[in-house]
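Notes follow the structure.
The values are calculated or read from the model by the stated rules, or taken from the named source; none is laboratory data. Just so we're clear, the structure is a prediction, and the values are computed from it rather than from any experiment. Cβ: placed from backbone, ideal geometry, glycine included. Neighbour counts: every protein chain shown. Just so you know, the surface numbers come from the protein's heavy atoms only, side chains and all, with ligands and any DNA or RNA stripped out. Shrake-Rupley method; radii C 1.70, N 1.55, O 1.52, S 1.80 Å.
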Amino acid sequence: MRNLTLLSCLFLLSCGPTDKVGEPYRGWKSGELDIHHIYTGRGEANLYIMPDATTMLVDAGDHQATVPMTDPKPDLSRRGGEWVARYIERVNPNGTNVDYFMLSHFHDDHMGSTSLDVPVTEGRGQDYKLVGVADVGETIHFGQFFDRGYPTYNYPTEIGDSHTDNFLRFTDYHKKQFGATQEAFKPGALNQIAMKHNAEKYSELFSIRNIASNGEIWTGEGEKTIRYYDLNPENTSSAGNENTKSISFRIDYGPFSYYAGGDTTGNLKIANGESVNIEAKVGEACGEVDVVKCNHHAYLDSMHPDFLRNVKAKAYIDCVWDQYHTQEKIISRVLSQDIYQGERMFYTQYIVEKARKEHAGKDWYENGVCPYDGHIVVKAYDKGRKYKIYRLSAEDEQMIVQAIYGPFDAQ
């Protein structure tokens, strides 16, 4: 009996996480990399829990758009930032402390909109609206901030709007009140975003490579970069496309790899006047990965064929709030065997019922698109050799597992 018990334990360990469909998600364990793509229907927010329990929140948006938005989840009884904070508290191994906050770029669906009717702080010097990440910050304390503009906020052009001003007032208060620090994000740097709790245990396995920010993109050689905005004066003749300035990075954990790049899209001109696609250049720097968080919510101007050819992912995660973020043209392109060969799956946080009916019966939809709505969690384990993708219900805060995909062998 003792030998049978030992064999059973070894079998469970070899299988990795033991979450079951229909039960609450069991969460992170030491040695695992959990990436939570949190759905609220009001903006984008992604929580990273590294193998040593270092945590990073990338973006926390809350806004009201003029386009048809996806359904708010769980509901509108709380603001988007409040739902994100409560989600973090449920899964964060460090309670209300998160080591890093990174803002991918200065758009309100990633940081919060001042056009919303929300409370305003009092007595904090430069008071600010409690929206998006500022709302999260009422509960969650961040150790360090990264954004694309620090410290001057004038490259490649001046940054100035009410949403950004609100965000900067929040970060200033957080730094003064809680001792948070801030650094300039350095494209090309390796492990500027470093593990903080048990780094030595995973230092040979885990790394984060900064790929791009402000149109400055890593070349793949050492920490060398190219500053594309500087190649032609026409690039700075106007404020330009904010999305081209998005922060992007790559995570490696053993053989597992993951890419995220905010809303990276758009073109810039080089010296001879020709245009280059920034998304394609970022994909070239990134190289092949297992999982990609889609650029610009997989909208019509994103997921350039050259980007897809460079990353060759098996899983694409789409963070959405707009009903038109899930477009047949883009999803079928992502899944196309004409772009590159190999199995892959598209996981979107939400598809409206009308679109489901329109796509029903189409091969790309039936065989390549995950049918569930809600939160999406990527879990890499076994020293990054394997990973699973979970669909969690966002209808309430129970985090019920709707589906489990995998285990997949990391490439």
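Report the local net charge at TYR228: Lys and Arg +1, Asp and Glu -1, summed over other residues whose C-beta lies under 11 Å from its C-beta.
On the way: positive: ARG227, LYS245, LYS269, LYS281; negative: GLU216, ASP230.
It works out to a net charge of +2.
Taking R0 as 35 Å, what FRET efficiency do you get between LYS175 and ILE270 from their Cβ-Cβ distance, rounded to the nearest 0.05? Can you show the working numbers first?
Working: r = 38 Å, r/R0 = 1.08.
Efficiency at R0 = 35 Å is approximately 0.40.
Here the Karplus relation 6.51 cos²θ - 1.76 cosθ + 1.60, evaluated at θ = phi - 60°, turns the backbone of the stretch 92-104 into coupling constants of 6, x, 10, x, 9, 9, 10, 5, 9, 10, 10, 9, 5 Hz, with x for every Gly and Pro. Solvent exposure of the stretch 157-219, expressed per residue, is 47 Å² of accessible area, with all protein chains present and a 1.4 angstrom probe.
Under a 5 Å amide H cut-off, with hydrogens placed 1.01 Å from N, GLN349 pairs with ASP318, VAL320 among residues at least 5 apart or on other chains.
Normalised per residue, the accessible area of the stretch 10-145 is 35 Å², obtained with a 1.4 Å probe and no contribution from ligands, DNA or RNA.
In terms of the mean number of neighbouring beta-carbon atoms within 10 Å, the peptides 287-293, 315-321 order highest first as 315-321, 287-293. Pairwise Cα separations in the stretch 263-305 fall into 10 Å bins from 0 onward with the following percentages, short to long: 27, 52, 19, 3.
Place a +1 charge on the Cβ of each Lys and Arg in the stretch 259-411 and a -1 charge on the Cβ of each Asp and Glu, then give the dipole magnitude about the Cα centre in debye, rounded to the nearest 20.
Working: 19 positive and 23 negative charges, 78 e Å.
Approximately 380 debye in magnitude.
Modelled spin-label separation between THR18 and ASN154, with each label point placed 7 Å from Cα along the Cα-to-Cβ direction: 6.0 nm.
Here the label points at SER237 and GLU397, each 7 Å from Cα along the C-beta direction, are separated by 5.2 nm in the simple model.
Can you send over the carbon and sulfur percentage of the accessible area for the chain, probe radius 1.4 Å, protein chains only? In the chain, the share of accessible area belonging to carbon and sulfur is 48 percent. The GNM of the chain, with springs linking C-alpha atoms under 10 angstrom apart, assigns the highest mean-square fluctuation among LYS383, LYS176, LYS245 to LYS176. Modelled this way, with points 7 Å down the Cα-to-C-beta line, the labels at LYS201 and THR121 are 3.4 nm from one another.
Determine the calculated [θ] at 222 nm for the chain from helices alone, applying -39500 (n - 2.57) to every DSSP H run no shorter than 4 residues and normalising by the residue count; nearest 500 deg cm²/dmol.
Numbers: 11 runs with 92 residues, N = 411.
Helices in the chain give a 222 nm mean residue ellipticity of -6000 deg cm²/dmol.
Restricting the calculation to Cα atoms, the chain yields a radius of gyration followed by a Dmax of 20.6, 76 Å.
Positive end of the dipole of the stretch 96-174, charges at C-beta (+1 Lys, Arg; -1 Asp, Glu), about the Cα centre: which of SER113, GLY137, TYR153 has its Cα farthest in that direction? Going by the charge dipole, the pick is TYR153.
Taking 15 Å as the straight-line reach from the Cα of LYS354, the aspartates and glutamates in range (excluding those fewer than 8 positions away in the same chain) are ASP71, ASP322, GLU328, ASP373.
Given R₀ = 45 Å, FRET efficiency for TYR340-GLU89 by Cβ-Cβ distance, to 0.05? Mind showing how you got there, number by number?
Numbers: r = 40 Å, r/R0 = 0.89.
So, using R0 = 45 Å, E works out to roughly 0.65.
Report note on the peptides 236-244, 44-52: ranked by the mean count of other C-beta atoms within 10 Å, highest first, their order is 44-52, 236-244.
Go ahead and run the numbers for FRET between ASN367 and LYS29, Cβ-Cβ distance against an R0 of 30 Å, rounding to 0.05. Before the final figure, lay out the partial values.
Values: r = 32 Å, r/R0 = 1.08.
Here the calculated transfer efficiency is 0.40.
Most tightly packed first, judged by the mean number of other beta-carbon atoms within 10 Å of their residues, the peptides 247-256, 53-62 read 53-62, 247-256. Cross-link check: pairs LYS224/LYS379; LYS281/LYS329; LYS224/LYS281; LYS176/LYS201 evaluated at a Cα-Cα cut-off of 26 Å; pairs beyond the cut-off: LYS224/LYS379; LYS176/LYS201.
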